[in-house]
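Visitor: Take a look at the following structure, please.
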Amino acid sequence: MISIIYPEGDYSSSDLAIRLQALAQSQGKNTIYVVPKHLGRNPEAIYKKLSKSSTALLLMHDKTGLDKGTEEEIRYLLGRSKNIHAILPSNVVLPKDIEKKINVLPYGGGTNKTFADIVQETVRQLEPKNGAKSESGNDFAVLLALLAMVILFIGLSSDDGNK
């Protein structure tokens, strides 16, 4: 299972995460879990689902830092040796110990790359070479392919081109 995490109050990332989950479910895949940020969330159920994840994707767009709950979720996953990829603006500052342990994929700012560019590059990097099967990256590559489809078909573009 792949978990999608986003900071509380990051409504663009929340919207994208829910759309990804819906798209995956419409294709018969129940492999995406979006960590809820609403008021009535159940932390016990969240951590139970996170423990079943093989990979997590941290999405950030509207925020430039992690809230306490999101940071705890990331630390929980890192403590269980889960793979975490983060697609976030280049100006986001993560705690150094977290940043060292996750695959940070920055966009915008000085990178001259858009959110869509980062997704496409990452999909290419995770594709198995010469027909080889990649167990660890396969689920994440599927997720990123879905993400690319969402970007193309739903049109999450902004005036600044950073989405």
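Visitor: Are any residues in segment 68-93 at pLDDT 95 or above and either among the aliphatic types (A, V, I, L, M) or in contact with a Pro (Cβ under 8 Å, 6 or more places away or on another chain) (or both), and if so, which ones?
Guide: Correct list: Thr70, Glu71, Ile74, Leu77, Leu78.
Visitor: Being surrounded by 15 or more Cβ atoms within 10 Å (Cβ to Cβ) and not in a loop (DSSP other than H, G, I, E, B) is the filter here, so list the residues in segment 76-101 that pass it.
Guide: Across segment 76-101, the qualifying residues are Tyr76, Leu77, Leu78, Asn83, Ile84, His85, Ala86, Ile87, Leu88, Pro89, Ile98.
Visitor: Pull up segment 1-17, narrow it to residues that are touching a strand residue (DSSP E or B) at 6+ places or on another chain (Cβ under 8 Å) and part of a loop (DSSP other than H, G, I, E, B), then point me to the one that is surrounded by the most Cβ atoms within 10 Å (Cβ to Cβ).
Guide: Here the residue is Tyr6.
Visitor: Given the structure, is Asp62 open to solvent by 30 Å² or more (accessible area, probe 1.4 Å), under 21 Å from Ser12 (Cβ atoms) and either at pLDDT below 90 or of a type in the set (Gly, Ala, Ser) (or both)?
Guide: Yes, satisfied.
Quick grid of which residues meet (1) of a type outside the set (S, T, N, Q); (2) at pLDDT below 90; (3) surrounded by fewer than 15 Cβ atoms within 10 Å (Cβ to Cβ):
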{"residue": "Gln21", "(1), (2), (3)": "no, yes, no"}
{"residue": "Ala24", "(1), (2), (3)": "yes, yes, no"}
{"residue": "Gln27", "(1), (2), (3)": "no, yes, yes"}
{"residue": "Gly40", "(1), (2), (3)": "yes, yes, yes"}
{"residue": "Glu44", "(1), (2), (3)": "yes, no, yes"}
{"residue": "Ser54", "(1), (2), (3)": "no, yes, no"}
{"residue": "Leu58", "(1), (2), (3)": "yes, no, no"}
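Visitor: Among the residues of segment 24-75, which ones are free of Cβ contacts under 8 Å to residues at least 60 places away in the same chain, under 25 Å from Val93 (Cβ atoms) and aliphatic (A, V, I, L, M)?
Guide: Answer for segment 24-75, where residues must be free of Cβ contacts under 8 Å to residues at least 60 places away in the same chain, under 25 Å from Val93 (Cβ atoms) and aliphatic (A, V, I, L, M): Val34, Val35, Ile46, Leu50, Ala56, Leu58, Leu59, Met60, Leu66.
Visitor: Name the residues in segment 35-92 that are within 12 Å of the chain's Cα centre (by Cα) and hydrophobic (A, V, I, L, M, F, W, C), would you?
Guide: Matches in segment 35-92: Val35, Ala56, Leu57, Leu58, Leu59, Met60, Ile74, Ile84, Ala86, Ile87, Leu88.
The values are calculated or read from the model by the stated rules, or taken from the named source; none is laboratory data. Predicted model only: the values in this text are computed from it and were never measured. Glycine gets a Cβ as well: all are built from the backbone with ideal geometry, and neighbour counts include every protein chain shown. With ligands, DNA and RNA removed, areas are computed over all heavy atoms of the protein, side chains included. Shrake-Rupley method; radii C 1.70, N 1.55, O 1.52, S 1.80 Å.
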